[in-house]
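Working notes for the structure below.
Here, each number is a calculation from the coordinates, and none is a lab measurement. Fair warning: this is a prediction, and the values are worked out from it, not measured in the lab. Please note: Cβ atoms are built from the backbone with ideal geometry, for glycine as well, and neighbour counts cover all protein chains shown.
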Amino acid sequence: MDWSTVLTNAATSLVGLQTIVYALAAVGLNLHFGYTGLLNFGQAAFAAVGAYGLAIVVASAGLPLPVGLAAGLAGSVVLSVLLGLPTLRLRADYLAIATIAAAEILRISARSSTLREFTGGASGINGFTEPFHDLNPLPPGTYGFGPWRYHERDLWVLLVGWTVLAVCCLVVWLLVRSPWGRVLRGIREDEDAARGLGKNVYAYKMQALAIGGVIGTLAGFVYALGQGSVQPDLYGTELTFFAYTVLLLGGVARVLGPVVGAAIFWVVLSLTDTVLRGAVDEGWLTFMSTTQVGQVRFMLVGLALMFLMIFRPQGIFGDPRQIALDAR
Amino acid sequence: MRVCVRWGVCLLLATLGCLGGASGARAAPDAGELIRVRVSTATGDPVPGATVEVERDGTRIGTGTTRPDGSAELDVPSAGAYQVLLDVDTLPPASAGFRPRMNPIRTTVDEGNARTVAFRLEAGGAGPERSADEGGSTVRVAQLTLQGLRFGLLIALAAVGLSLVFGTTGLTNFAHGELVTFGALVAYYLSIPAAVSLLGVVSFTKPGLPLLVAAPVTLLLSCGFGWLNDAVLWSRLRRRGTGLVAMMIVSIGLAIFLRYTFLYFAGGETLSYPDYATQAGIGLGPVMMRPVDLVSMGLAVTVLVGGGLALIRTRLGTATRAVADNPALAAASGIDVDRVIRSVWTGAAGLAALSGILLGMGQGLNFQMGFQILLLVFAAVTLGGLGTAFGALVGSLVVGLFIELSTLVVPTELKNVGALAVLIVILLVRPQGVLGRAGRIG
């Protein structure tokens, strides 16, 4: 087995596109679940709105990139109002079911051939990233050192992605230490008490849902621009659940928890993938084929989610007092 | 207790070991939709070399020629309604004078699934001009109603179990779909011949059981699996006082783990049971249905009625309802709450497995079939009222009928969207469901 490849792959996963996307999605979820106690199982829908909003406006309608970004963000706010208005009064598990159903409605609709002329059906849309790459200030060439070597296009995506992630973390940090953020935590701990203090709990929840959703939409932008395409099946329930795993791994209600969680998540997935694949190729593992290696990784994700929730729900850096786990 | 757990684990390992033997060399997973066509004579002999075509809205999408086993696979671009046509001119000379009873056959393919279509050649069958669904919209409504009832009854089997688990423990079990898949896959494995090797020590070829034998064995294994779920995981979490949201997230982790375990062992393609796959539909007045589907509807009704009576009449049923009503009060009146919940898990897993087998007989089975219907089951349970078994039954029938009848106005591939939208609307206007009691819900 080539150990240098193993390490190189792990090192690229540490800062790669997936890490950024899942970290962003989890930063949004952190605001929902970690700080406000909202169980949003539809984060994939917010990402999909961003990705599809951008792709449809730029590729199909031929409008400039900023219009696409604005459309995605507007769609995200509309979605959170549509979802939030009715469901935020419901108990936590009802909210979870309503949001996951909404996310699946969006995915199935985007996948359908009825809407193919807008969404491209199951194969999705591509060819909308050139306006983004035209903004790239880096001259063509290869940049980086050690295992991190990128062409100017990939590096541009990563730079923008990490900048967006850093800004989001900063915004969340500022928000949660403001009086507004204290009310959110108050709602998480005891909604009735917050209401008793004269806070409009419903409005606060809606604001948290919208802001976290917009961060999820940013994840969709980065994903779409980094991949160069949007495909409906990338925005299935698994995106949401993996983002929850990332969040629980890093630590709930910690500003940098999602970032650390995403880095660990993808590095571990990359390590298990390359090590197992190598072991199969070397003939050390005879009972497994290389296609089955991919499935072992996701079995591990499922187990990790279970065991984290059972034994260490606060994650690696979280505070056990800062997590809302009782349905209210 | 400890001994029981050890036995349970052995059972699980044995089941998984068996599945491991069946995995063999499988193609890479493909989640693509396809139509599998079988052409056979009235006596069941395969007809090779026949050309079949698949059309959508009058445009041809693909063609294929049947292999020596009389089957052909046609890839279709997405879920939706298709028409499969057998080109009678390409039938081999030996079958001259024989015509398929139904040609073309209209079918709908669900997302990520394969659909099997069977042409059976008979003397004096239909030419290419007679279609199955001529006769206008009344017939279509009747046909869709029948299909909707069938689907509703089958998901009711899963929904009742989900609802009982929710009623007695408060857990919204996202891994319930995997209990459905477990049943379907275990029955599939039992019904095909497969090479078994238990850790490389013992190797032999297992004969394929008839489905009528494999299904009851599967139900027993599935009940054991449900028992094991509770014994190993959920009862311990309850004892630790784990919160409901935490348990829900644990169930998601379990669902992901089980789903990929199924994918690991069974591969990603859509499978179908060797028995009844090619059965042709029979006419019931204006509508058509395969006898096997009618039998499965009857079976589902029998099981649901029996389960309902057991819930009302037996001591365990009364205890179950008492626990669902108020666990603390039930415990105070001398009911062993943990034992009741254990029985509910056992029964719920058995019902879910039956649902999986019957669904698999209708439209094939794959590693995520349970997950694909999970949200529809949630819709059914919510519609009927969370935690009420009878509500779940009513909700399932409504969801089944709604899904099928909605294809009169919306494209088939979007039929589940309507059901999910209904789920959200119900949560808004009547979160306690149609039959649920208004209580503190939100």
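Numerical summary
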quantity	calculated
Segment A:Thr290-A:Leu82, extension gain: residue separation times 0.36 nm, minus the distance between their alpha carbons	70.5 nm
Sum of -39500 (n - 2.57) over DSSP H runs of 4+, divided by residues of chain A (222 nm, nearest 500)	-22500 deg cm²/dmol
Measure of compaction for region B:141-429 (Cα Rg per 2.2 N^0.38 Å)	1.01
Cβ-Cβ FRET estimate between A:Tyr143 and A:Leu271, R0 fixed at 30 Å, reported to 0.05	0.75
Separation in nanometres of the label points that stand 7 Å from Cα toward Cβ, at B:Asp325 and A:Tyr202	3.4 nm
Using θ = phi - 60° and Karplus 6.51 cos²θ - 1.76 cosθ + 1.60, couplings along region B:152-158 (whole Hz; Gly, Pro as x)	x, 5, 5, 6, 4, 4, 6
Rg and Dmax [Cα atoms of region A:8-94; Å; Rg one decimal, Dmax integer]	15.6, 48
Neighbour-count ranking [beta-carbon atoms within 10 angstrom, fewest first] of B:Thr116, B:Thr66	B:Thr116, B:Thr66
All-pairs alpha carbon distance profile, chain A, 20 Å steps from 0, percent	31, 57, 12, 0
Using a Förster distance of 25 Å, the FRET efficiency for A:Arg116-B:Val141 (Cβ separation, nearest 0.05)	0.35
Label-point gap, in nm, between B:Asp57 and B:Val217 - each point 7 angstrom along Cα→Cβ	4.8 nm
Overall form of region B:255-374 per C-alpha gyration tensor (a/c, 1.5; a/b vs b/c)	oblate
Cα-based convex hull volume of region B:147-279 per residue, rounded to whole Å³	143 Å³
Net charge dipole size for region B:141-252 [Lys, Arg +1 and Asp, Glu -1 on Cβ; Debye, nearest 20]	240 debye
Amide N of region A:7-38 lying under 20 Å from the label point, which is placed 7 angstrom from the Cα of A:Glu282 along Cα→Cβ	A:7-11
Phi to ³J(HN,Hα) by Karplus 6.51 cos²θ - 1.76 cosθ + 1.60 over region B:411-416, Hz, x for Gly, Pro	x, 4, 5, 9, 5, 6
Ascending count of other beta-carbon atoms within 10 Å, so fewest first, for A:Ser109, B:Ser343	A:Ser109, B:Ser343
Inter-part distance where region A:149-185 and region B:147-180 are each reduced to a Cα centre, Å	41 Å
Overall dimensions of region B:317-362 by Cα: Rg and Dmax, Å	14.1, 46
Inter-chain shielding of A:83-95 (mean C-beta neighbours from other protein chains, 10 Å cut-off)	4
Helical segments meeting 30 Å axial Cα length and Kyte-Doolittle 1.6 threshold in chain A (DSSP H)	A:65-87, A:152-176
Burial ordering of B:His176, A:His133, fewest other beta-carbon atoms within 10 Å first	A:His133, B:His176
Estimated Rh, the protein assembly as shown: Kirkwood, alpha-carbon pairs, angstrom	27.5 Å
Expected-Rg normalisation [2.2 N^0.38 Å, Cα atoms] applied to region A:71-208	1.46
Cα gyration tensor of region A:156-279 - equivalent ellipsoid semi-axes, whole Å, descending	32, 17, 14
Using a Förster distance of 22 Å, the FRET efficiency for B:Val410-B:Val301 (Cβ separation, nearest 0.05)	0.20
